[in-house]
Amino acid sequence: MEDEDDYLDWGDDEDDPCDHEDRDVDLLAGRACCYRCGEAWWLTDKELRREIELAASMFMAEEVDP
């Protein structure tokens, strides 16, 4: 059986880079923050355009009640 301390230490590797998949993006400021590791960064113009297009497509896909 696995030692409980080993399980709790899993994911604490500083050598394991975060992929920033779980992030929050402020479209007006152009800033992103990762929920997983806490890192914050400014988006490039290309990244910001992509995030705006994604948000717009999600908004347009949402059904509206009559």
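Key figures
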read-out	value
Any pair with Cβ under 8 angstrom, 6 or more apart, that starts in the range 15-28 at a residue that is modelled with pLDDT of 85 or more and ends at one that is surrounded by 10 or more Cβ atoms within 10 Å (Cβ to Cβ) and among the small types (Gly, Ala, Ser)	Arg23/Ala32; Asp24/Ala32; Val25/Ala32; Asp26/Ala32; Leu27/Ala55
Residue pairs meeting the criteria (Cβ under 8 Å; at least 6 apart or on separate chains; first over 17 Å from Asp24 (Cβ atoms) and in contact (Cβ under 8 Å) with a residue 60 or more places away in the chain, in the range 45-66; second part of a helix (DSSP H, G or I) and of a type in the set (Val, Ile, Thr))	none
Index of the failed condition, Asp5 passing every other in (1) at pLDDT below 85; (2) under 14 Å from the mean Cα position of the chain (by Cα); (3) charged (D, E, K, R)	(2)
Only one of Asp12, Asp45 that is at pLDDT 95 or above, out of contact with any Asp or Glu (no Cβ under 9 Å at 6 or more places or on another chain) and exposed (fewer than 10 other Cβ atoms within 10 Å of the Cβ)	Asp45
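The values are calculated or read from the model by the stated rules, or taken from the named source; none is laboratory data. From a predicted model like this one, the values you see are computed outputs, not experimental measurements. Neighbour counts are summed over all protein chains in view; Cβ atoms, including those assigned to glycine, are modelled from backbone coordinates with ideal geometry.
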